[in-house]
Amino acid sequence: MSYLELIKLASPEAVVVITALVVLAVGLTSRRTRTICSSIAVLGLAGAIGAVLMLPRNANLFGGMLVITPLTSLFKIICLALAFFTICLVRSEKSLRHPGEYLAIILLATVGLMLLVGSEELLMIFIGLELLGLSLYVMAAFDRNDARSAEAGLKYFLFGSTTSAFTLFGISLIYGMSGSTGLAAISDKLAAAPVQPLLATGIIMTLIGFAFKIAAAPFHLWAPDVYQGAPIPSAAFIASGSKVASFVVLGKIVLVGFGPVHGSSAWHAMTAGWSPVLAVLAALSILIGNLVALAQTNVRRLLAYSAVAHAGYTLLGLVAGSRDGFSATLFYAAVYAITLVGAFGVVAVVRGETGGDDLKNFSGLAARAPLLAGCMAVFMLSLAGIPPLAGFFGKFYLFSAALRAGGNYGLLWLIGLGLFGSFVSLYYYLIVLKAVFVDQPSLEISSSPDRSSSDLLQRITVTVLAAAILLLGLMPDTLAARILAAVS
């Protein structure tokens, strides 16, 4: 293969890298840094989406290091779209100094997402994880004027570097026992011979690394402080883009690479494999995330523990192990990511007006910004799984796929736990809506009545995301059918 063909197949990633370098250069030279750099970044993302659409339908380079399929193309577009909405939030984050550098880091993190989504080789997946992780650590600690941002970045870095070591050590054990880092070759090796203890250890250590990325309990301790302390665009991107890409690659690892050692999580016939490990992570995440969220008074920390619970719901599809289960996981991860970016957009507006993001800061939001309050209601009710919003269909899809998995309703215990968690979550989501629609404002609003253009852009972004959640709830096949066709 010639270099020209290689560049053509890797053109989306190349476009984003070049855009990041241009944004960085412009940020160092221009006076109107925020506006010009944001415009260049948006144009670069649009160009990358166009490059994805021009890719061939199927291609496989260097034993799975770069894989092009309808599934990878679809989720590269979703990751680019999430980066676009994150950049819209950056426009109104006035506290961030050096916006050019910040936007360049977002673009580099997006390259990491695309490498994760588009690879079926463990070493390339690890490179994508590290590029994404290093970018997110800097994004979390980017606000030097806020001590909580520095604390968030440090905690995220310490937890992340430790789990990266787990992941790399696990990959080394898998390579040593299987002789390959390609997922297809690993699957063939596992199918041909019984699993050795060292190989089982490598699989578990790899799963631990990804449990950190998706904030599954008990590897979630970084999430509350990072969600609360990081700049809001950083928290939104960590909660959305990294989750989507991590679930895509985790699904490919367990279903393609570790498929022969699936095991069983059925209550009446549990057998060893990766499925019981993910089932335990899902159960712990649902219980810990929902119960601890009940005690939160800060909306960002509440969303963090909610993210832990939603990681548990999303794992249900992978535990099911079927094509429908993987499709349900991907659909729910995409819907959840869109919802979280919108919710953080509302938090950004409220924080800009009141100076905080506790529940008391949301009091009376419906009176002063009815459209924003309506959007927040859409996001919270979708997270709770209320019809006709996308979150309801996502949970229904997950639970039905888990119910059909195996035989004799073996995953009924996990479905029951998920339904219990959804019932508990309704309480704390309604607490947020009570503050928005019922409580009287207890704080003076610091913002002026006239809105700046960046504030208007933020409100438009939130409205578009709320409309997307409503549309995906009314017509879920617009995304779910595409994912199912791509997975098959």
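The values are calculated or read from the model by the stated rules, or taken from the named source; none is laboratory data. These figures come from a predicted structure and were not determined experimentally. Every residue, glycine as well, gets a Cβ built from its backbone with ideal geometry; the counts of neighbours run over all protein chains shown.
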Can you pull out every residue in the range 111-123 that is buried (at least 21 other Cβ atoms within 10 Å of the Cβ) and closer than 18 Å to Phe166 by Cβ? Leu116, Leu122
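Conditions (1) without any contact (Cβ under 8 Å) to a residue 60 or more places away in the chain; (2) loosely packed, with under 15 Cβ neighbours inside 10 Å; (3) over 25 Å from the mean Cα position of the chain (by Cα); (4) within 30 Å of Ala467 (Cβ to Cβ), marked per residue:
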| position | (1), (2), (3), (4) |
| --- | --- |
| Leu6 | yes, yes, yes, no |
| Ala14 | yes, no, no, no |
| Thr35 | yes, yes, yes, yes |
| Leu45 | no, no, no, yes |
Picking from Ala373, Ala366, Ala401, Ala348, which residue would you name as being touching a helix residue (DSSP H, G or I) at 6+ places or on another chain (Cβ under 7 Å), among the hydrophobic types (A, V, I, L, M, F, W, C) and within 15 Å of Tyr313 (Cβ to Cβ)? Ala401
Output the residues belonging to the range 263-274 that are of a type outside the set (A, V, I, L, M) and in contact with a Leu (Cβ under 8 Å, 6 or more places away or on another chain). Ser265, Trp267, Trp274
If Val319 passes every condition in (1) at pLDDT below 95; (2) under 30 Å from Val138 (Cα atoms); (3) buried (at least 24 other Cβ atoms within 10 Å of the Cβ) but one, which one does it miss? (2)
Exclusive hit being in a helix (DSSP H, G or I) and among the charged types (D, E, K, R), set Arg144, Arg148: Arg148
Scan of the range 400-413 for residues that are surrounded by fewer than 23 Cβ atoms within 10 Å (Cβ to Cβ) and in a helix (DSSP H, G or I), ordered by number: Ser400, Leu403, Arg404, Leu412, Trp413
All positions within the range 163-182 that are loosely packed, with under 15 Cβ neighbours inside 10 Å and under 13 Å from Glu130 (Cα atoms): Ala165
I want to confirm something. Restricting to the range 137-162 and keeping residues that are buried (at least 22 other Cβ atoms within 10 Å of the Cβ) and of a type in the set (Gly, Ala, Ser), which single residue is farthest from Gly355 (Cα to Cα)? Gly160
From the options Gly342, Gly391, Gly325, residue that is assigned to a helix (DSSP H, G or I), out of contact with any Ser or Thr (no Cβ under 6 Å at 6 or more places or on another chain) and farther than 24 Å from Leu221 by Cα: Gly325
